[in-house]
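The values are calculated or read from the model by the stated rules, or taken from the named source; none is laboratory data. These numbers come from a predicted model, not from an experiment. Ideal geometry is used to build each Cβ from the backbone, glycine not excepted, and the neighbour counts take in all protein chains shown. SASA here: full protein model, heavy atoms, side chains in, ligands and nucleic acids out. Shrake-Rupley method; radii C 1.70, N 1.55, O 1.52, S 1.80 Å.
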Amino acid sequence: MNPTPASSLFLIRRFAFLVLIWQLACPPSLFSLERASIKKFPQKAFPVTNPVDLTTLPLRETFQINHPRFVLQFFFSGPNVLGIIIKRDFRYPIRMRWCFFRDCSESPFDYSAMIADSYAPPLEDGTFEIRFPPQLHYNFQGLHFTTGR
């Protein structure tokens, strides 16, 4: 059974109509994703003291920690911490501790995470992400970045 030219033309027109409806209903900008990188933009970061009191930080800003062994910038993406290492001494690891108290005094409720191990990535100009622990049902009030072993 060969399709007749009239039925082929009907199917082509129907397909073209469906494509037109789809284009009007879903504009191309709906599917476009623009990549953002903190490496491309000027380094505008607020210097903060270490440990960081999270209750006093402004929203939607980038912050910078200046430590004798490293310099890093970070911001919050929801509950997660995203950042870039500007400078570091490779002999020492970089760790971050979510602190239960504002002054980052030791607590059994603290949560520690490794940003970079000794002589391991992320290196200078390397990015990192520390995910908020999903099993915890409370908020932290401080952050502390260290090079402790």
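The figures follow:
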| quantity | calculated |
| --- | --- |
| Sole exception among (1) in a strand (DSSP E or B); (2) open to solvent by 20 Å² or more (accessible area, probe 1.4 Å); (3) in contact with a helix residue (DSSP H, G or I) (Cβ under 8 Å, 6 or more places away or on another chain) for residue 102, by number | (1) |
| Complete set of residues in segment 78-99 that are in a loop (DSSP other than H, G, I, E, B), over 22 Å from residue 61 (Cα atoms) and either touching a Phe, Trp or Tyr at 6+ places or on another chain (Cβ under 6 Å) or open to solvent by 60 Å² or more (accessible area, probe 1.4 Å) (or both) | 90, 91 |
| Single condition residue 53 does not satisfy, out of (1) open to solvent by less than 20 Å² (accessible area, probe 1.4 Å); (2) farther than 19 Å from residue 148 by Cα; (3) in contact with a Lys or Arg (Cβ under 7 Å, 6 or more places away or on another chain) | (1) |
| Verdict on residue 63 being at pLDDT 80 or above and surrounded by 14 or more Cβ atoms within 10 Å (Cβ to Cβ) | yes |
| Matching residues, segment 129-144, being open to solvent by 50 Å² or more (accessible area, probe 1.4 Å) and modelled with pLDDT of 85 or more | 129, 131, 141 |
| Breaking point among (1) at pLDDT 65 or above; (2) in a loop (DSSP other than H, G, I, E, B); (3) of a type in the set (Phe, Trp, Tyr), for residue 74 | (2) |
| Those residues of segment 113-128 which are of a type outside the set (A, V, I, L, M, F, W, C), over 24 Å from residue 46 (Cβ atoms) and open to solvent by 60 Å² or more (accessible area, probe 1.4 Å), in sequence order | 117, 119, 121 |
